[in-house]
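*Asks:* Sharing a structure with you now.
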Amino acid sequence: MTFKSIVLGTVAALLTTTAAMAEEMKMAVTTSFANSGLADVLLPKVKEDTGIDVQLLIVGTGQALALGAAGDVDAVLVHSRAAEEKWLAEGNGTHRTEIMYNDFVFVGPQEDPAKAGGAETATGALQAIAGAEAPFVSRGDDSGTHKMELRLWKAADVTPEGDWYKAVGQGMGAALNTASGMNAYIMSDRASWLKFANKGDLGIVFEGDPVLFNQYAYLPVNPEKHPHVKTDLVNQLEAWLLSDKAEELINAYTIADQQLFVYNAAE
Amino acid sequence: MNSIGEGLWQAARLVVTLDPDLVEITALSLRVSLGATLVASCIGLPLGAWLAVNRFPARRFVIAILNALMGLPPVVVGLIVYVLFSRSGPLGVLGLLFTPTAMVIAQVIIITPIIASVAHQAIRDLWADYHDLLISLQATRLQRIKTLLWDGRRALMTASLAGFGRAIGEVGAIMIVGGNIDHATRVLTTAIALETGKGEFDMALALGFVLIGLAILVNLGLHFISRTERGARW
């Protein structure tokens with residue numbers, strides 16, 4: 001009977017789902033790493049060279065570290081030094097390996113009503129936006145980008161609050177969509193911005209201040225706390241990330257002729 | 001906005017060329033949601049029938065709870081399943097988090113109350129018609145439930161399809177427990193969320209149209225099967 005065969009087929013399909021392949025590991029990464037498209041370049045090469053199938057969980061830095069602390073992933077690749085060090089101090093990981101950096105840019109309406117583009121420093125640009133009470137979209141999701149933004153507001157000696165400051169509590173893409181819809185200012189990592197397809201009237205209004213550099217680090221989950229983590233594979237992936245090949249691929253990755261990531265892992 | 005037109009065009013292109021990524025995530029969407037519907041039906045349909053034919057003190061209360069659970073927020077279900085199946089959670093040793101199995105479990109929790117509630121309504125009406133007959137035949141409780149389930153199968157299919165409809169379009173829970181991992185747990189709804197996040201509205205809409213088309217196909221397919229079963233009767 002047809003119905004029966006559908007039922008049996010579904011049951012059979014369900015039963016086979018758990019038969020996982022041998023060389024898989026899970027890594028929690030930030031949205032900026034995945035949305036930049038770099039993951040699509042690196043992961044196939046990782047698979048080719050090491051045979052490891054790296055499964056990515058694309059979340060904010062806060063959630064990535066939480067997944068690592070719970071032992072639900074084998075390693076994390078994030079960008080928020082203070083949070084990473086706290087995470088390590090709590091015994092969640094073995095060590096922190098710096099891999100590369102990219103930078104943040106301030107994106108806003110191209111006519112730049114708050115004159116943020118004329119500022120000398122990143123904090124100056126934020127002060128200009130706050131002074132003009134121009135709409136500003138914040139990630140508001142405890143991600144690395146959000147934490148960086150809050151540090152900058154603090155450095156700028158501004159408490160961002162009021163109708164103009166909109167914390168959306170979502171990922172980079174959703175926040176950019178909001179900013180695009182409201183023609184608002186927003187801080188984004190360069191990669192996500194360049195890859196973003198719904199730019200509307202927005203453009204980069206401020207960039208280049210060294211405080212906007214954004215260091216990515218690779219952190220293996222502590223096998224003493226979570227014996228099931230695949231330390232072998234985690235170490236192999238780390239060795240690959242430290243190889244000349246990774247350096248070459250990362251430095252060569254461009255969007256619209258702009259280099260997005262600068263490899264700076266110590267030898 | 002020409003995005004919708006672009007989306008439709010893109011959807012047509014993906015379907016016609018049988019884009020391998022699309023086929024993969026569509027197959028997983030179907031597998032997870034049909035699997036969840038199947039399991040939830042096995043629980044929900046007999047539960048609905050049992051509630052219809054039995055009289056016990058807390059019956060109204062149980063039915064009220066069941067109806068309330070129809071509105072269970074998927075994000076909360078996702079979070080609870082995540083906490084249970086996390087490596088640090090009570091069921092962590094099973095290693096089910098971020099697998100399709102975990103997604104099925106979350107969806108079963110979400111749609112079982114819907115299926116049970118709709119089934120209960122249908123069976124209750126049928127029970128009113130069959131009550132005297134089944135009592136006079138001295139049918140046992142189990143026999144009564146079996147008879148009602150079989151004779152009410154068309155209405156019960158509607159119950160299951162309501163559950164399926166909720167499952168196939170659900171994103172909050174499976175995003176959390178599945179993790180939207182490429183080639184592992186990515187389904188249509190989580191892919192739509194991802195493409196929206198990238199600002200790729202054309203692609204997101206295209207996947208949306210595929211999802212709607214899929215839901216319609218499954219519904220039509222099941223109605224077709226059930227009609228042939230019952231001959232010319234409608």
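The values are calculated or read from the model by the stated rules, or taken from the named source; none is laboratory data. Keep in mind that what you see is a predicted model, and the values were worked out from it rather than measured. Quick reminder, even Gly has a Cβ in these numbers, built from the backbone with ideal geometry, and neighbours come from all protein chains shown.
*Asks:* Could you identify the single residue in A:A246, A:A265, A:A197 that is crowded, with 20+ Cβ neighbours inside 10 Å, among the small types (G, A, S) and either touching a Gly at 6+ places or on another chain (Cβ under 7 Å) or under 21 Å from A:K47 (Cβ atoms) (or both)?
*Replies:* Just one listed residue meets the conditions, A:A246.
*Asks:* Is region B:135-148 home to any residue that is surrounded by fewer than 20 Cβ atoms within 10 Å (Cβ to Cβ), of a type in the set (A, V, I, L, M, F, W, C) and closer than 27 Å to B:G221 by Cα?
*Replies:* Scanning region B:135-148, I find no residue that is surrounded by fewer than 20 Cβ atoms within 10 Å (Cβ to Cβ), of a type in the set (A, V, I, L, M, F, W, C) and closer than 27 Å to B:G221 by Cα, so the answer is no.
*Asks:* Now for a separate question. Looking at region B:9-21, can you tell me whether even one residue there is closer than 20 Å to B:P113 by Cβ and among the aromatic types (F, W, Y)?
*Replies:* no
*Asks:* Report yes if A:A20 is assigned to a loop (DSSP other than H, G, I, E, B), over 20 Å from the mean Cα position of the chain (by Cα) and modelled with pLDDT under 90, otherwise no.
*Replies:* Yes; evaluated as a whole, the condition is true for this residue.
*Asks:* Quick check, is A:P210 without any contact (Cβ under 8 Å) to a residue 40 or more places away in the chain and away from chain B (no Cβ under 14 Å)?
*Replies:* Yes.
*Asks:* Can you tell me which of B:A191, B:A167 is within 14 Å of chain A (Cβ to nearest Cβ), within 26 Å of A:K199 (Cα to Cα) and outside any loop (DSSP other than H, G, I, E, B)?
*Replies:* Going through B:A191, B:A167 in turn, just one is within 14 Å of chain A (Cβ to nearest Cβ), within 26 Å of A:K199 (Cα to Cα) and outside any loop (DSSP other than H, G, I, E, B): B:A191.
*Asks:* Would you pick out the residues in region A:220-230 that are crowded, with 18+ Cβ neighbours inside 10 Å and out of contact with any Gly (no Cβ under 9 Å at 6 or more places or on another chain)?
*Replies:* Hit for region A:220-230 is A:K230, nothing else.
*Asks:* Out of (1) closer than 27 Å to A:K230 by Cα; (2) out of contact with any helix residue (DSSP H, G or I) (no Cβ under 6 Å at 6 or more places or on another chain); (3) surrounded by fewer than 19 Cβ atoms within 10 Å (Cβ to Cβ), the odd one out for B:L91 is which?
*Replies:* (2)
*Asks:* Sort through B:G44, B:G7 and tell me the only one that's surrounded by 16 or more Cβ atoms within 10 Å (Cβ to Cβ) and over 22 Å from B:M203 (Cβ atoms).
*Replies:* Unique residue meeting the criteria: B:G44.
*Asks:* Any idea which of A:P160, A:P220 is under 23 Å from A:T61 (Cβ atoms), at pLDDT 90 or above and in a loop (DSSP other than H, G, I, E, B)?
*Replies:* Of the residues listed, the single one that is under 23 Å from A:T61 (Cβ atoms), at pLDDT 90 or above and in a loop (DSSP other than H, G, I, E, B) is A:P160.
*Asks:* Would you check which residues across region A:36-81 are in a strand (DSSP E or B) and more than 9 Å from chain B (Cβ to nearest Cβ) and list them?
*Replies:* A:V54, A:A75, A:V76, A:L77, A:V78
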